[in-house]
Amino acid sequence: MSRARFAFAAHPDTIADLRQLPDDIRDLALLELQNLVHGSDDCLPLKGRLAGFHKVYVDPSVSYRMIIQFRAAPPTSAHPREIYLVAAGSRQDYAVYHSAHLRTGLQQDTETVSATEARVQAARSRSSLVADRSMAAPATPPAAARPTATAPRKAPQR
């Protein structure tokens with residue numbers, strides 16, 4: 001067998017993903033991972049929220065997928081790049097894509113998430129001025145404002 005072209009790493013939760021696959025599908029997934037590490041480019045790039053990641057078809061009926069990422073390997077690695085397994089599972093109801101997004105979402109959208117959380121927090125908070133006013137004075141409707149200068153009246157048109 002040829003020398004591996006890529007190092008391999010996996011998200012900690014993908015081990016559980018692989019264990020939950022049916023035995024025959026798990027064998028195909030491991031074989032596919034071996035092929036990828038040895039240089040197979042049998043994967044397709046993803047778009048949208050998972051841009052930068054790739055999907056790998058596991059079984060002939062394409063019911064199962066793996067989501068991977070090609071990235072720089074750690075400095076201690078013998079390889080310059082590695083294949084990072086993010087998720088493995090069923091395509092049904094986009095389960096594997098949802099898992100991958102949850103596992104990578106914080107890395108990709110940190111600024112967006114914090115900005116969104118700040119807006120939500122601001123929307124939920126109440127102004128301290130409103131709280132002070134409501135306790136200091138009873139809620140009475142304001143008196144109608146009186147005009148200080150008399151404005152010329154326009155004659156009604158006939």
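The values are calculated or read from the model by the stated rules, or taken from the named source; none is laboratory data. Since the structure is predicted, the reported quantities are computational estimates derived from the model, not experimental observations. Because the Cβ atoms are built from the backbone with ideal geometry, glycine has one as well, and the counts that use them run over all protein chains shown. Just so you know, the surface numbers come from the protein's heavy atoms only, side chains and all, with ligands and any DNA or RNA stripped out. Shrake-Rupley method; radii C 1.70, N 1.55, O 1.52, S 1.80 Å.
Structure values in brief
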quantity: Residues (open to solvent by 70 Å² or more (accessible area, probe 1.4 Å) and either in contact (Cβ under 8 Å) with a residue 12 or more places away in the chain or on the phi > 0 side of the Ramachandran plot (or both)) located in segment 72-95; calculated: 78, 81, 91, 92, 93, 94
quantity: So residue 41, is it among the acidic types (Asp, Glu) and assigned to a helix (DSSP H, G or I); calculated: no
quantity: Conditions (1) open to solvent by 30 Å² or more (accessible area, probe 1.4 Å); (2) farther than 16 Å from residue 103 by Cβ; (3) part of a loop (DSSP other than H, G, I, E, B); number of the one not met by residue 52; calculated: (2)
quantity: Extreme residue, surrounded by the most Cβ atoms within 10 Å (Cβ to Cβ), among residues of segment 21-38 that are free of Cβ contacts under 8 Å to residues at least 40 places away in the same chain and either assigned to a loop (DSSP other than H, G, I, E, B) or touching a helix residue (DSSP H, G or I) at 6+ places or on another chain (Cβ under 9 Å) (or both); calculated: 26
quantity: Tally, over segment 3-20, of residues that are surrounded by fewer than 11 Cβ atoms within 10 Å (Cβ to Cβ) and within 18 Å of residue 77 (Cα to Cα); calculated: 1
quantity: Meets criteria (surrounded by 12 or more Cβ atoms within 10 Å (Cβ to Cβ), acidic (Asp, Glu), without any contact (Cβ under 8 Å) to a residue 60 or more places away in the chain and over 22 Å from residue 104 (Cα atoms)) for residue 59; calculated: yes
